[in-house]
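These notes are about the structure you will find just below.
The values are calculated or read from the model by the stated rules, or taken from the named source; none is laboratory data. Quick caveat: nothing in here was measured; it's all calculated off a predicted structure. Quick reminder, even Gly has a Cβ in these numbers, built from the backbone with ideal geometry, and neighbours come from all protein chains shown.
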Amino acid sequence: MKKTLPFIFLLVLLALTGNKTYAQQLTAKEMVNKSYNLFLGKSSFSVMSMTIVRPTWQRSIKMQNWSMGDNYYLTLITQPTRDKGEVFLKSKKNMWNFIPAINRLIKIPPSMMMQSWMGSDFTNNDLMKQNSIVTDYKHTFAGSEKLEGYNCAVINLDPLPDAAVVWGKIKMWIIKKNLITMKVEYFDTHGKLVKTETASQIKILGGRLLPSHLEMISNTKKGHKTIIDILHQEFNVKGIKQNFFSIQNMRNIRPQSF
């Protein structure tokens, strides 16, 4: 027993050292990619509430979301009554919106991608090109900083020469230990800070450690922000297939019990 214990401690020490070395060896792009993938799975289902805050009013929206990989997303609005049943679909590079009140299906053109989504501080482009932060930018480390007690790597994202992106620069703060993104700043092509996204209230969601509270704050419009709270999260949901994310299904989708 006396010979065994030191050997076990040595193995544990090597394992911990190995993990630390691996984390240190991640490139800036790998950190961004792994952080992005925290919210992905082969498939997923989530329930969220979104509160749009303005200087003189605010309103709340509840929604259910389904995804498969990073190419297929479907969002069903469940509240309030006036928006209930409205559906948004992303299928690869295309995006549609079904409005039940007028029984109309609209394909969202490129000219509308920077328009506000549901009146929030998120745009259609934010939803459409979520993986753009991985594929369309050059990633470089810009130091370290502590946010809410977490040691974060600060990463600058600069657009690749031929990338069709709207942001002139993005700056991210990613926790080194668990790769959760805590803060993102979005700059226009002139270097002006346009909006800031923050994450907090980290907890276990769908078996993963994730932030459950997100805020998108406008830096150009005083008192404008959008809050998203994740109420329920599942990953690798059985039964979700590619044909679920179809134009035909947009008219038939119903809220899921959970």
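Could you please give the count of residues in the range 225-258 that are of a type in the set (A, V, I, L, M, F, W, C) and under 20 Å from SER60 (Cβ atoms)? Write out each step before concluding.
Initially, the range 225-258 is screened for residues of a type in the set (A, V, I, L, M, F, W, C), giving 227-228, 230-231, 235, 237, 240, 244-245, 247, 250, 253, 258.
When the remaining residues are screened for being under 20 Å from SER60 (Cβ atoms), the result is 227-228, 230-231, 258.
Looking only at that region, the number is 5.
For the range 191-210, state whether one or more residues are at pLDDT below 95 and acidic (Asp, Glu).
Within the range 191-210 (the criterion being at pLDDT below 95 and acidic (Asp, Glu)), the answer is no, since none of the residues qualifies.
Being in contact (Cβ under 8 Å) with a residue 40 or more places away in the chain and charged (D, E, K, R) narrows it down to one residue among LYS221, LYS169, LYS195, LYS203; which is it?
Only one candidate qualifies: LYS195.
Restricting to the range 235-258, what's the tally of residues that are of a type in the set (Gly, Ala, Ser) and modelled with pLDDT of 90 or more?
Counting residues in the range 235-258 that are of a type in the set (Gly, Ala, Ser) and modelled with pLDDT of 90 or more gives 1.
Which of the residues belonging to the range 35-71 are among the basic types (Lys, Arg) and in a strand (DSSP E or B)? Even if it seems obvious, please write down each step before you answer.
Residues of the range 35-71 that are among the basic types (Lys, Arg), as a first pass: 42, 54, 59, 62.
Once the filter is applied, which keeps residues that are among the basic types (Lys, Arg) and in a strand (DSSP E or B), the range 35-71 yields ARG59, LYS62.
Counting only residues that are among the charged types (D, E, K, R) and buried (at least 16 other Cβ atoms within 10 Å of the Cβ), how many does the range 199-228 have?
Count: 2.
Just to confirm my filter: which strands (runs of 3 or more DSSP E) fall fully inside the range 72-191 and include at least 3 residues that are among the hydrophobic types (A, V, I, L, M, F, W, C) and either touching a helix residue (DSSP H, G or I) at 6+ places or on another chain (Cβ under 7 Å) or surrounded by 20 or more Cβ atoms within 10 Å (Cβ to Cβ) (or both)?
Qualifying strands (runs of 3 or more DSSP E): 72-79, 87-91, 94-99, 150-159, 169-175.
Looking only at the range 1-33, count how many residues are of a type in the set (D, E, K, R) and at pLDDT 95 or above.
Residues meeting the conditions: 2.
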